[in-house]
Amino acid sequence: MTLKNRVALITGASRGIGRSVATAFATAGADVILVARSGKALEEVAGEIVKMGRQAFAVSCDVSSGEEVDELNKKVSKSFDRLDILVNSAGISKRSRFLDYDDETWFEVVRVNLFGVYLITKAFLPKIEKTGSGRIINIASVAGKAPVPFNTAYSASKHGVLGLTKSLASEIAQSGFPQITVNAICPYFVETDMLRGKNGYHAQMAAMSGKPEAEIEKRITGQNLQKRVLEPQEIAAMAVYLASDDARGVTGQAFNICGGRIFH
Ligand SMILES: NC(=O)c1ccc[n+]([C@@H]2O[C@H](COP(=O)([O-])OP(=O)(O)OC[C@H]3O[C@@H](n4cnc5c(N)ncnc54)[C@H](OP(=O)(O)O)[C@@H]3O)[C@@H](O)[C@H]2O)c1
């Protein structure tokens, strides 16, 4: 129980990687605050976690809205007087040829993926500071390190998340809180709705290229040296490590989990 007596807030917890992180944290002993827009899906995840014997508090919130994040903060403050771990996993991807993006779509991706991380972290860092030590873990992407043609908004947002991660780690360490760590995880393709859902990568690429989804899947698994798609649990395992005492010396880093897709 490496996270016993810890309270963790996880955005994007209604499905995919965030959900897997929430379950893994609960397995490791943490109580969890689950955040996403879909309240019904969050309640289901909360129900599973309560059955595991941990506290789970589900709050519906759009992370890209300052007003909703303020409301979230008020609700969380009523039920929890501490926060030890924050995981920013909420994210979206909307692909387009660069010249075909409409401004609102491009900005929506950046607003959720980057501004949302800023808003949530700004809201909850003071609570983490009260504990004197704590963890912030941002689920970025290899798209924050490598070029992603036809997905400039996503790639720009994830490059931004890595800049925020490294700069905030440095700022917090210099501001009297060297025990608070800030790190990012950079996955390549993971088996979630973002990949295979109705509006996922395969569907978006198939619509743009006119190629069958099977061909697109073959191409992306071919780029992973292990020739496979990752499982959300693999990302969650890294998050558990980064949240643990064992990772107290790790800050300002961005870890690839990519089956050898990229090497920096
Ligand atoms: N899957 C991959 O291949 C992959 C690879 C690299 C990085 N990532 C990153 O991993 C993170 C999780 O992605 P995933 O694969 O788990 O995707 P997913 O299955 O589509 O889940 C996305 C999560 O984000 C939430 N979300 C989306 N917009 C939100 C908003 N405005 N406010 C609050 N919550 C919001 C969704 O819940 P609601 O819809 O209910 O709000 C959902 O819980 C993302 O940051 C993504 O960029 C994914």
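Just so it is clear, none of the values below were taken in a lab; they were calculated from the coordinates. This is a predicted model, so every value here is computed, not measured. Glycine gets a Cβ as well: all are built from the backbone with ideal geometry, and neighbour counts include every protein chain shown.
Miscellaneous remarks
- Filter result (farther than 27 Å from residue 133 by Cα, polar (S, T, N, Q) and surrounded by 15 or more Cβ atoms within 10 Å (Cβ to Cβ)) within region 224-252: 224
- Near pairs, Cβ below 7 angstrom, 6+ apart or cross-chain, from region 179-191 (among the β-branched types (Val, Ile, Thr)) to any residue that is more than 7 Å from the ligand (Cβ to nearest atom) and in a strand (DSSP E or B): 180/134; 181/135; 182/136; 185/137; 185/255; 185/257; 190/230
- Looking across region 62-73, the residues that are more than 10 Å from the ligand (Cβ to nearest atom) and either more than 20 Å from the chain's Cα centre (by Cα) or among the acidic types (Asp, Glu) (or both) come down to 67, 70, 71.
- Candidate set from region 132-144 (those that are within 11 Å of the ligand (Cβ to nearest atom) and not in a helix (DSSP H, G or I)); member that is farthest from the chain's Cα centre (by Cα): 141
- The set of residues in region 34-61 being β-branched (Val, Ile, Thr) and either within 11 Å of the ligand (Cβ to nearest atom) or closer than 23 Å to residue 186 by Cα (or both) consists of 35, 45, 59.
- Condition check for residue 45: farther than 22 Å from residue 183 by Cβ, free of Cβ contacts under 8 Å to residues at least 60 places away in the same chain and among the β-branched types (Val, Ile, Thr): yes
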